[in-house]
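Take a look at the structure below.
The values are calculated or read from the model by the stated rules, or taken from the named source; none is laboratory data. Here the structure is a predicted model, which is why all the values come from computation and not from measurement. All Cβ positions, even for glycine, are placed from backbone atoms using ideal geometry, and neighbour counts span all protein chains on display.
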Amino acid sequence: MDDDIAIEVSGLRMDYGATEVIRGIDLRIRRGEIVALLGPNGAGKTTTVEILEGFREPTAGTVRVLGTDPLAAGEDWRAQVGVVLQSWRDHGRWRVADLLELMRRAYLPYGRDVYGVDDLLRDVGLSGQARSRVRTLSGGQRRRLDVAIGIVGRPALLFLDEPTAGLDPVARREFRELVHGLVDAAETTVLLTTHDLAEAERMADRILILDGGRIVADGSPDALARDIASTTEVRWRQDGERRVHATADATSFVRDLLAHHPHGIDDLEIVRASLEDAYLAMVRRRESLETEGVTR
Amino acid sequence: MTAILTVHAVRAGMRRGAVEFLNSLRNATDVGFWLVGAVVTVVVLWVLRDEPVADLGISTAQFIFPGLLAVQMLVVATWGVAVILATEREDGTLLRAKAVPHGTTTYFAGLAVRTLIETGVALLLVVVPSVILVGGLLDRGPVALSALGILVLGFVALLPLGLLVGAVSRNPRAVSGWGLLVGAGVVVVSGIFQPLVTMPEWVQIVGQVLPLYWMGLLLRAVLLPENLYVIEIAESWRVVEALGILGLWAVVGMLVAPPMLRRMARRESASVLERSRQKALERV
């Protein structure tokens with residue numbers, strides 16, 4: 001087993017009754033990577049993460065997380081894995097500091113460099129809320145508390161499920177900075193799920209697009225945009241009229257265009273397809289395939 | 001090594017239980033529930049303090065007092081625990097516990113400790129004022145002290161039942177509503193307010209299967225005048241049978257509960273939680 005690999009999955013499948021939620025996933029994540037699992041609702045993201053967390057038994061496939069099968073793993077393994085859950089109303093009566101103190105105690109016997117409550121509160125920006133009751137926290141503060149609980153044992157691997165769902169743009173940005181700051185310092189491997197593309201693009205250095213229970217794309221945000229949507233849009237104004245042309249080779253198209261029309265070309269723009277265009281194109285392609293399948 | 005880790009988790013659980021109890025003291029609804037329950041019980045005993053039971057030479061208050069202690073235990077250690085467990089599964093407390101090392105052990109140790117403290121407080125809230133106001137309740141002196149041991153045994157017998165009910169239900173509102181109805185039925189068939197011997201035979205059979213009857217019987221055996229065994233089934237306190245059956249409930253409960261709870265905890269996950277959250281929101 002390679003020590004540089006945090007997560008290794010092959011042939012992963014998961015059925016719920018007759019429904020296939022995951023239809024064969026192979027995946028390798030190196031230590032220290034920040035990877036986003038992106039996909040529309042129902043793509044199988046949460047199920048995949050729950051299998052990796054050891055909370056769910058897959059129908060088939062081999063899973064190795066930090067060198068161990070999560071289902072067979074013991075409490076030592078659990079102590080190396082942080083899970084950031086989306087809190088709802090659990091522990092609402094607890095004081096923030098009391099809850100973190102209880103959580104940090106869980107990690108003490110495992111020889112980890114466990115966070116002190118004060119340091120942790122400072123790092124997630126909740127120092128002022130130490131004595132507050134959890135139910136009085138704002139949405140953003142609560143999410144910070146979720147992160148604090150996830151990282152209190154300084155995990156080697158951190159799972160974040162839909163980390164910024166329900167946060168306003170300012171809180172989102174703060175959250176991203178928080179996670180980046182924390183994991184950069186500690187070389188933590190992070191796997192996050194999201195259905196928000198902008199989120200994945202900003203947070204992760206690698207994106208896996210999951211759709212219909214399979215990984216349909218894998219790469220850095222730039223590479224994905226290049227590979228999937230290889231077309232570029234060229235826009236210009238010709239004799240006062242707006243023109244648009246999509247092409248795989250913008251450079252030669254523009255060269256020809258200007259050669260043929262030395263005058264009268266204005267407002268020339270070359271727009272590379274964004275990751276969003278690529279993603280939407282891909283999801284649309286699958287939806288149309290499915291519709292065909294139904295009508296047949 | 002595993003044993004040391006388990007001890008560590010249980011100690012964390014004691015801390016958890018203590019914090020939970022202190023948090024509950026700051027909650028007006030919880031405190032109100034305890035106080036109203038205690039006040040109602042004490043008032044009932046006070047009203048019935050001079051009401052004689054047939055020609056047994058004791059008051060109705062004296063007769064029902066031991067059974068009321070058993071009922072208090074049922075309310076806190078069985079019904080209360082079932083409601084808490086169902087609620088905390090639904091709101092994600094248990095999932096959070098599961099995500100940290102030995103967290104489930106800590107959680108259940110915490111729930112047991114919290115319930116033990118609450119049971120003690122609930123009993124004191126009833127016993128102290130009623131002994132002062134009503135009189136004649138603890139006349140047997142040192143013998144009455146053995147009631148403490150019976151209460152502890154009863155706690156061990158009734159707590160696993162609450163955990164099991166909480167573990168099979170996913171809906172705290174149903175546990176709390178239906179649980180009260182079922183609990184009231186159990187109280188009736190356990191001969192708490194009316195000697196079981198005066199009830200139809202099938203009721204006597206059902207009652208004698210349940211732990212509450214035997215707990216009430218044992219408490220009467222040590223708290224009522226000795227010669228009152230004449231109002232019991234078989235005209236006997238049946239102390240050996242009572243200890244045996246209550247002990248059996250305790251042992252079976254302690255054997256069955258841990259694997260059931262582990263099974264239940266294994267099934268907790270974010271997606272299961274999300275489904276119950278959606279359901280709960282639909283109801284609101």
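Name every residue in region A:52-65 that is buried (at least 20 other Cβ atoms within 10 Å of the Cβ) and over 9 Å from A:MET14 (Cα atoms), in order of residue number.
Of everything in region A:52-65, those that are buried (at least 20 other Cβ atoms within 10 Å of the Cβ) and over 9 Å from A:MET14 (Cα atoms) turn out to be A:LEU52, A:GLU53, A:GLY54, A:PHE55, A:ARG56, A:VAL63, A:VAL65.
Can you say whether A:VAL63 is touching a strand residue (DSSP E or B) at 6+ places or on another chain (Cβ under 9 Å) and either more than 11 Å from every other protein chain (Cβ to nearest Cβ) or on the phi < 0 side of the Ramachandran plot (or both), as far as the supplied structure shows?
Criteria met by A:VAL63.
Anything in region B:231-248 that is closer than 20 Å to B:ALA144 by Cβ and in contact (Cβ under 8 Å) with a residue 60 or more places away in the chain? List them, or say none.
Within region B:231-248, B:ILE231, B:LEU243, B:LEU246 meet the criteria.
Restricting region A:64-118 to residues that are at pLDDT below 95, hydroxyl-bearing (Ser, Thr, Tyr) and outside the structural domain of A:GLY166 (by TED's automatic domain parsing), which is farthest from B:ALA280 (Cα to Cα)?
Of everything passing the filter in region A:64-118, A:TYR110 is farthest from B:ALA280 (Cα to Cα).
In the list B:LEU273, B:LEU246, B:LEU212, B:LEU255, which residue meets the criterion of being under 30 Å from B:THR106 (Cα atoms) and surrounded by fewer than 15 Cβ atoms within 10 Å (Cβ to Cβ)?
That would be B:LEU255, the only listed residue that is under 30 Å from B:THR106 (Cα atoms) and surrounded by fewer than 15 Cβ atoms within 10 Å (Cβ to Cβ).
I'd like the full set of residues that are part of a loop (DSSP other than H, G, I, E, B) and either at the interface with chain B (Cβ under 8 Å from one of its Cβ atoms) or of a type in the set (S, T, N, Q) (or both), limited to region A:67-85.
The answer is A:LEU85, and nothing else.
Only one residue in A:GLY213, A:GLY219 is surrounded by 19 or more Cβ atoms within 10 Å (Cβ to Cβ) and modelled with pLDDT of 85 or more. Which one?
Result of the check over A:GLY213, A:GLY219: A:GLY213.
Name the single residue that is surrounded by the most Cβ atoms within 10 Å (Cβ to Cβ) among those in region B:1-52 being without any contact (Cβ under 8 Å) to a residue 12 or more places away in the chain and polar (S, T, N, Q).
Here the answer is B:ASN23.
Consider A:VAL183 carefully, then state whether it is closer than 30 Å to A:GLN141 by Cβ and aliphatic (A, V, I, L, M).
So A:VAL183 passes the test.
Table: residues versus (1) under 20 Å from A:THR194 (Cβ atoms); (2) free of Cβ contacts under 8 Å to residues at least 24 places away in the same chain; (3) away from chain B (no Cβ under 12 Å).
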position: A:ARG105; (1), (2), (3): no, yes, no
position: A:TYR110; (1), (2), (3): no, no, no
position: A:SER132; (1), (2), (3): no, no, yes
position: A:LEU158; (1), (2), (3): yes, no, no
position: A:ARG176; (1), (2), (3): yes, no, yes
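Those residues that are more than 9 Å from chain A (Cβ to nearest Cβ) and either among the polar types (S, T, N, Q) or in contact (Cβ under 8 Å) with a residue 60 or more places away in the chain (or both), I need them from region B:264-278; list them, please.
Matches in region B:264-278: B:MET264, B:ALA265, B:SER276, B:GLN278.
Check region B:163-180 and report whether any residue there is more than 30 Å from B:GLU274 (Cα to Cα) and in a helix (DSSP H, G or I).
So far as region B:163-180 goes, no, none of its residues is more than 30 Å from B:GLU274 (Cα to Cα) and in a helix (DSSP H, G or I).
Looking at region A:45-66, which of the residues that are of a type outside the set (Gly, Ala, Ser) and part of a loop (DSSP other than H, G, I, E, B) is farthest from the chain's Cα centre (by Cα)?
If we take residues in region A:45-66 being of a type outside the set (Gly, Ala, Ser) and part of a loop (DSSP other than H, G, I, E, B), then A:THR59 is farthest from the chain's Cα centre (by Cα).
Could you list, in sequence order, the residues of region B:114-136 that are over 16 Å from B:LEU151 (Cβ atoms), touching a residue at least 24 places away in the same chain (Cβ under 8 Å) and assigned to a helix (DSSP H, G or I)?
Within region B:114-136, B:ARG114, B:PRO129, B:LEU133 qualify.
Which ones in region B:191-206 are β-branched (Val, Ile, Thr), farther than 12 Å from B:ILE231 by Cα and surrounded by 12 or more Cβ atoms within 10 Å (Cβ to Cβ)?
Across region B:191-206, the qualifying residues are B:ILE192, B:VAL203, B:VAL206.
Using beta carbons and a limit of 9 Å, which pairs, at least six apart or on different chains, have the first residue in region A:86-98 and at positive phi and within 7 Å of chain B (Cβ to nearest Cβ) and the second one in a loop (DSSP other than H, G, I, E, B) and crowded, with 19+ Cβ neighbours inside 10 Å?
A:HIS91/B:ASP91; A:HIS91/B:GLY92
Select from region A:28-42 the residues that are assigned to a strand (DSSP E or B) and buried (at least 19 other Cβ atoms within 10 Å of the Cβ) and list them in ascending order.
A:ILE29, A:ILE34, A:VAL35, A:ALA36, A:LEU37, A:LEU38
Which condition from (1) among the hydrophobic types (A, V, I, L, M, F, W, C); (2) part of a helix (DSSP H, G or I); (3) surrounded by 17 or more Cβ atoms within 10 Å (Cβ to Cβ) is the one that A:LEU280 breaks?
Failing condition for A:LEU280: (3).
When you go through B:ALA28, B:ALA112 one by one, which is the residue that is closer than 30 Å to A:ASP146 by Cα, within 14 Å of chain A (Cβ to nearest Cβ) and not β-branched (Val, Ile, Thr)?
Result of the check over B:ALA28, B:ALA112: B:ALA28.
B:ARG89 - would you say it is in contact with a helix residue (DSSP H, G or I) (Cβ under 7 Å, 6 or more places away or on another chain) and among the basic types (Lys, Arg)?
no
Counting only residues that are loosely packed, with under 15 Cβ neighbours inside 10 Å and touching a helix residue (DSSP H, G or I) at 6+ places or on another chain (Cβ under 9 Å), how many does region B:227-238 have?
Count: 3.
Tell me yes or no: at least one residue of region B:61-83 is of a type in the set (Val, Ile, Thr) and loosely packed, with under 15 Cβ neighbours inside 10 Å.
no
Can you list residue pairs whose Cβ atoms sit under 7 Å apart, with the first residue in region B:137-149 being within 18 Å of B:LEU228 (Cα to Cα) and the second being hydroxyl-bearing (Ser, Thr, Tyr)? Count only pairs 6 or more apart in sequence or on different chains.
B:LEU137/B:SER130
Condition first: out of contact with any helix residue (DSSP H, G or I) (no Cβ under 7 Å at 6 or more places or on another chain) and within 14 Å of another protein chain (Cβ to nearest Cβ). Can you find one or more residues in region B:125-144 that meet it?
no
Taking region B:82-105 as the search range and keeping residues that are facing chain A (nearest Cβ under 7 Å) and hydrophobic (A, V, I, L, M, F, W, C), which one is farthest from A:VAL147 (Cα to Cα)?
B:LEU95
The conditions are (1) outside the structural domain of A:GLY181 (by TED's automatic domain parsing); (2) under 28 Å from A:SER288 (Cβ atoms); (3) touching a Lys or Arg at 6+ places or on another chain (Cβ under 7 Å), and A:ARG214 fails exactly one of them. Which is it?
With respect to (1) outside the structural domain of A:GLY181 (by TED's automatic domain parsing); (2) under 28 Å from A:SER288 (Cβ atoms); (3) touching a Lys or Arg at 6+ places or on another chain (Cβ under 7 Å), A:ARG214 is out only on (1).
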